[in-house]
Amino acid sequence: MSRTLEIPGLDGRLALVTGGSRGIGRAAAVLLASAGARVGIAYRCAADEAEETLAQMRQAAAYSSHDPRRGPWAQAADLATESGVVALFARLDAEFGGRLDVFVGNAGIWNVLPRPLEQLDLDRWRQMIEANLTSVYLTTRAAASRMGESGRIVLVSSTAAQRGEAGHSHYAASKGAIQSFVKSLAVELGPRGITVNAVAPGWVDTDMTSDILSGEGREAIEREIPLGRVAIPRDIGGPVVFLASELAAHVTGEILNVNGGSVLCG
Ligand code: NAD
């Protein structure tokens, strides 16, 4: 395998990206592979999207076609369930020999339709918390147990954690909790040499947001972003990879805002 991107401390590392089949997770996975990491991705469904990420990783990293055991891999699993997480880590152990260096906890959901509190029933609340928070707890716990010194954990939060998001309080609460989780684990895992950080994206052009960003609302959203545009997935993938690299060796417990300056205008 050869690398096409020079970032210290990623060549030969073993990385797992959840939600790696598309969007932000795909961008992070491809960048990690470009920097020489061997990457596994997890996704909920849509195997064709996962195949596309694998193809992009193979192209970016020129993985050896002679030794498929050293190539990237993809596992379908519902990470909101304990059985899904067990299945994912069984695959990871088979592929990586029970080791993990970099964990990117990115999988998550958002509801396009606003749900003001009076319409936010317990089932919707639970679905969001299980998909966005319980999944992060289960996967981070499994990931950390396989990490040695210089392990890197990077979770994906959101601007909604700082600003709140009217009509999406369950989403905002799930992403706010990720920030508290990060700060707690940074202290717990620091003595083992493991760093724990998060990125907090603002609006990003992905399948998750396409209903909103392809409509009339886009212009108003972009007016509120000092840099004048919505992010593309690579805008978030780059900071994820920075936090996963040797360049961020002494950064832990941080929330890196990646939003074009939009929280400054909130
Ligand atoms: P996306 O919908 O394009 O991709 C989501 C990924 O997560 C997919 O691979 C999907 O399979 C996976 N996933 C979702 N639920 C899962 C589950 N239960 N089990 C396993 N996999 C699951 O979304 P995206 O825009 O790339 O978002 C990625 C992350 O970034 C999410 O956590 C999201 O909340 C966060 N985020 C996105 C934006 C944005 O504007 N797009 C802004 C802030 C934060």
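A few notes on this one:
- Packing, as the average of other Cβ atoms within 10 Å across residues, places the peptides 101-111, 47-57 in the order 101-111, 47-57, highest first.
- Order by protection proxy (mean Cβ within 10 Å, highest first), peptides 93-99, 195-201: 195-201, 93-99
- Environment charge at Ile255 (Cβ cut-off 12 Å; Lys +1, Arg +1, Asp -1, Glu -1): +1
- Every helix of 4 or more DSSP H residues in the chain counts as -39500 (n - 2.57), and over all residues that averages to -12500 deg cm²/dmol at 222 nm.
- A compact globular protein would have a Cα radius of gyration near 2.2 N^0.38 Å; the ratio found for the chain is 0.96.
- Amide H contacts under 5 Å for Ala74, placed H, 5+ residues apart: Ile41
- Legend: helices of the chain (whole DSSP H runs) are marked when their alpha-carbon atoms reach 30 angstrom or more along the helix axis and their mean Kyte-Doolittle hydropathy is at least 0.5; nothing is marked.
- Stretching the chain fully between Ala90 and Ala46 yields a gain of 13.8 nm (0.36 nm per residue, less the alpha carbon separation).
- Descending by average beta-carbon neighbour count within 10 Å, the peptides 154-165, 214-225, 18-29, 240-251 line up as 18-29, 154-165, 240-251, 214-225, the highest first.
Values in this text are rule-based calculations from the coordinates and carry no lab data. Source: prediction; values computed, not measured. Neighbour counts are summed over all protein chains in view; Cβ atoms, including those assigned to glycine, are modelled from backbone coordinates with ideal geometry.
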